[in-house]
Amino acid sequence: MTSGLTFTPLAEIPKLVQGLRAAFNQGVTKPLEYRKQQLRGLYNLLSENEVAIKDAVFADLHKPAAELFLGESGMVKQECIDAIKNLDKWAAHRSVKTSIVNKFDNVHIRKDPLGMVLIIGAWNYPINLLLAPAVGAIAAGNTVLLKPSEVAPSTAAVLTRLLPKYLDQRAYRIVNGAVEETSLLLEQKWDHIFYTGSGSVGKIIMGAAAKQLTPVTLELGGKSPAFVSRDVDVAITARRLAWAKFFNCGQTCIAPDYLIVERGIEDKLVESFKHSLQEFYTANPQESTSYGRLVNDRHYNRVKKLLDESKGKVVVGGETDEKERFIAPTVVLDVKADDSLMSEEIFGPVLPIILVDKLLEGVRLVNQGDQPLALYVFSKNKRQIDYILDHTRSGGVVVNDALIQFIVSTLPFGGTGPSGIGNYHGKRSFDIFSHERSTLIKSQGLEKLNDLRYPPYSDKKLKWLDWFLFDKASYAQQSSGSENDQANGSAANGHGKGNTDTSTSSHERTPSI
């Protein structure tokens, strides 16, 4: 138990899992109208209990109501609306192209539910990161067990109280707990596990899933960089970065973790940060109703230690209050690659700035680490932008803004490599919790045609099968010309006689960045 949150007794967990499995096997969640009804229930849970949810999230994170709406409840409600409106289309069988042999048969892909799904939420967005994936799992027809983060106990408690009033308890349940309860959950047999959190725990989740060959979606994190070119509108850039970084007190997996800034604009950038932060949070952010807090003492002490050990120069903020778990919006200038602030994902309201002569140096720096969940580029130079995007890897990219990609439901959200496996939001959420079941319903007519596939085999049958089954693409003949033909083709493509340009293609050239 923590802060009034009652943990689920260990003995009950296997029984809950068995109940969900039984409900799925009985087909409870299969009908589309049932799924829509449950999605309406989830929408109503959020719509009819705004005050209770706001108070709970504020107790855990001191999160302003506007940030709760933008980053959590509003997004989940929109996911519910989109799923209800589009479910018939998402769940419909999809016909596929076939050869002449199956022309008169029913060949399609079904969208079947996976079965029983475990969703493990995260504390920094305790509503969104638990319920947004649940929308996809419900829409796809699965039974679902939700595990809220115990680090946000007030939110977990209010969801535990409200969920049975709005969703069918045969098919959707909550388990509360910490390491012991989660470990027991991971020992159960699931059809999919969805986890949002740290990479270290993600490895544990994936290891447990591997023992049962259970597929996983892992939404992790990493040090998401933001490149800032000297050609930008500095005031606008600082304003957008300040909002993205200090939203939810910096406790966002896709927050800009550090800036890579071309020399020459740093002084103006710092002044613009000061102006924007005073506009957002007044001269005293600790008194602002628009600024959050670190979630607990452990996270406060970790972020403060990173800041205290930094060799960079604090140019904005830096004030702290242990009692309130308050760290002011802080900007640290002239940070080096080996600084404490670069040793791990900060996940707090501290923004380091690394200065470079050219952004190309930043590309090398980013590629020395793991692929981040997000990457941001602020520049007016298209060649510069393209070069950075072509020579880095990340889960997602935003140019000339930050953080807003999370609220675009038509953009798949997820990482790559150490920043995550799989993605979701909108239709992608439905897809990850669905099985694409290949289906061929064969007619019993035209049996004479099937003689070609039956023994005894012959060259004649083989030729007919080749003709019936496989396309004879025209490019196959075109690609087998003589050397002279190929040479002429090269000339026709602009690389023959009269053309002495031997440079690489435009996307391979290194721009002057």
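The values are calculated or read from the model by the stated rules, or taken from the named source; none is laboratory data. Treat the numbers as computed from the prediction; the structure is a model and nothing was measured. Positions of Cβ are backbone-derived with ideal geometry, glycine not excepted, and every protein chain shown enters the neighbour counts.
Which condition number in (1) farther than 26 Å from T252 by Cα; (2) under 23 Å from the mean Cα position of the chain (by Cα); (3) of a type in the set (G, A, S) is the one that G27 fails?
With respect to (1) farther than 26 Å from T252 by Cα; (2) under 23 Å from the mean Cα position of the chain (by Cα); (3) of a type in the set (G, A, S), G27 is out only on (2).
Only one of A65, A59, A23, A52 is in contact with a strand residue (DSSP E or B) (Cβ under 8 Å, 6 or more places away or on another chain), of a type in the set (A, V, I, L, M, F, W, C), assigned by TED's automatic domain parsing to the domain that holds A152 and modelled with pLDDT of 95 or more. Can you tell me which?
Details: A65 fails: in contact with a strand residue (DSSP E or B) (Cβ under 8 Å, 6 or more places away or on another chain); A59 fails: in contact with a strand residue (DSSP E or B) (Cβ under 8 Å, 6 or more places away or on another chain); A52 fails: in contact with a strand residue (DSSP E or B) (Cβ under 8 Å, 6 or more places away or on another chain).
Result: A23 is the single residue among A65, A59, A23, A52 that is in contact with a strand residue (DSSP E or B) (Cβ under 8 Å, 6 or more places away or on another chain), of a type in the set (A, V, I, L, M, F, W, C), assigned by TED's automatic domain parsing to the domain that holds A152 and modelled with pLDDT of 95 or more.
I'd like to know if region 73-92 contains one or more residues that are within 30 Å of A244 (Cα to Cα), not polar (S, T, N, Q) and not in a helix (DSSP H, G or I). I'd like the intermediate steps shown before the answer.
Within region 73-92, the subset within 30 Å of A244 (Cα to Cα) is 73-83.
Within this subset, residues satisfying the condition of being not polar (S, T, N, Q) are 74-77, 79-83.
Restricting the remaining residues to those that are not in a helix (DSSP H, G or I) gives none.
Among the residues of region 73-92, not one is within 30 Å of A244 (Cα to Cα), not polar (S, T, N, Q) and not in a helix (DSSP H, G or I), which makes the answer no.
Could you count how many residues in region 307-348 are assigned to a loop (DSSP other than H, G, I, E, B), closer than 20 Å to R263 by Cβ and of a type in the set (D, E, K, R)?
Number of matching residues: 5.
Where in region 108-200 are the helices (runs of 4 or more DSSP H), entirely inside, with at least 2 residues that are within 21 Å of the chain's Cα centre (by Cα) and under 22 Å from A22 (Cα atoms)?
On the way: elements: 128-139, 153-166, 179-187.
The qualifying helices (runs of 4 or more DSSP H) are 128-139.
For region 201-233, what are the residues that are within 14 Å of L118 (Cα to Cα), β-branched (V, I, T) and assigned to a helix (DSSP H, G or I)?
Within region 201-233, I205 is the sole residue that qualifies.
Which numbered condition trips up I327, out of (1) under 29 Å from D390 (Cβ atoms); (2) hydrophobic (A, V, I, L, M, F, W, C); (3) crowded, with 20+ Cβ neighbours inside 10 Å?
Checking I327 against (1) under 29 Å from D390 (Cβ atoms); (2) hydrophobic (A, V, I, L, M, F, W, C); (3) crowded, with 20+ Cβ neighbours inside 10 Å, the one that fails is (1).
Within the set of pairs 6 or more residues apart or between chains, which connect a residue that is closer than 19 Å to T98 by Cα inside region 446-472 to a residue that is among the polar types (S, T, N, Q) with Cβ atoms less than 7 Å apart?
F468/S99; L469/S99
Those residues that are over 15 Å from L159 (Cβ atoms) and of a type in the set (D, E, K, R), I need them from region 35-54; list them, please.
Of everything in region 35-54, those that are over 15 Å from L159 (Cβ atoms) and of a type in the set (D, E, K, R) turn out to be R35, K36, R40.
Cβ-Cβ distance below 7 Å, separation of 6 or more or different chains: which pairs start in region 245-263 with a residue that is aliphatic (A, V, I, L, M) and end on one that is at pLDDT 95 or above and in a loop (DSSP other than H, G, I, E, B)?
Close Cβ pairs (under 7 Å, with a partner that is at pLDDT 95 or above and in a loop (DSSP other than H, G, I, E, B)) amount to I254/S224; I254/L373; I254/L403; A255/S224; A255/L403.
Is it true that S47 is exposed (fewer than 14 other Cβ atoms within 10 Å of the Cβ), in contact with a helix residue (DSSP H, G or I) (Cβ under 8 Å, 6 or more places away or on another chain) and of a type outside the set (D, E, K, R)? Spell out the reasoning first.
On the way: exposed (fewer than 14 other Cβ atoms within 10 Å of the Cβ): yes; in contact with a helix residue (DSSP H, G or I) (Cβ under 8 Å, 6 or more places away or on another chain): yes; of a type outside the set (D, E, K, R): yes.
Taking the combined requirement at face value, the residue satisfies it.
How about region 420-444: which of its residues are of a type outside the set (D, E, K, R) and under 21 Å from T196 (Cα atoms)? Even if it seems obvious, please write down each step before you answer.
At the first step, the residues of region 420-444 found to be of a type outside the set (D, E, K, R) are 420-426, 429-430, 432-435, 438-441, 443-444.
Hits for region 420-444 are G420, I421, G422, N423, Y424, H425, G426, S429, F430, I432, F433, S434.
Residues in region 363-370: is at least one among the basic types (K, R) and closer than 24 Å to P418 by Cα? Walk me through it before giving the result.
Of region 363-370, the ones among the basic types (K, R) are 364.
Those still in the list that are closer than 24 Å to P418 by Cα too: 364.
Yes - at least one qualifying residue is present in region 363-370.
Which condition from (1) more than 20 Å from H192 (Cα to Cα); (2) exposed (fewer than 14 other Cβ atoms within 10 Å of the Cβ); (3) touching a residue at least 24 places away in the same chain (Cβ under 8 Å) is the one that P64 breaks?
Single failed check for P64: (2).
I'd like to verify a number: residues in region 169-184 that are surrounded by fewer than 17 Cβ atoms within 10 Å (Cβ to Cβ) and in contact (Cβ under 8 Å) with a residue 40 or more places away in the chain, how many? Working first, answer last.
We begin by selecting, within region 169-184, every residue surrounded by fewer than 17 Cβ atoms within 10 Å (Cβ to Cβ); these are 169-170, 178-180, 183.
Remaining after also requiring in contact (Cβ under 8 Å) with a residue 40 or more places away in the chain: 170, 178, 180.
Qualifying residue count for the region: 3.
Here are some residues: A328, A337. Which one is within 20 Å of L61 (Cβ to Cβ) and among the aliphatic types (A, V, I, L, M)? Give the steps one after another, and end with the answer.
Details: A337 fails: within 20 Å of L61 (Cβ to Cβ).
Going through A328, A337 in turn, the sole match is A328.
When you scan region 425-448, do you find a residue that is part of a helix (DSSP H, G or I), modelled with pLDDT under 90 and farther than 30 Å from E345 by Cα, even just one? Show your work before the answer.
First, the residues of region 425-448 that are part of a helix (DSSP H, G or I): 427-432, 447-448.
Okay, now just the ones that are also modelled with pLDDT under 90, so 447-448.
Subsequent filtering for residues that are farther than 30 Å from E345 by Cα retains 447-448.
Yes, some residue in region 425-448 is part of a helix (DSSP H, G or I), modelled with pLDDT under 90 and farther than 30 Å from E345 by Cα.
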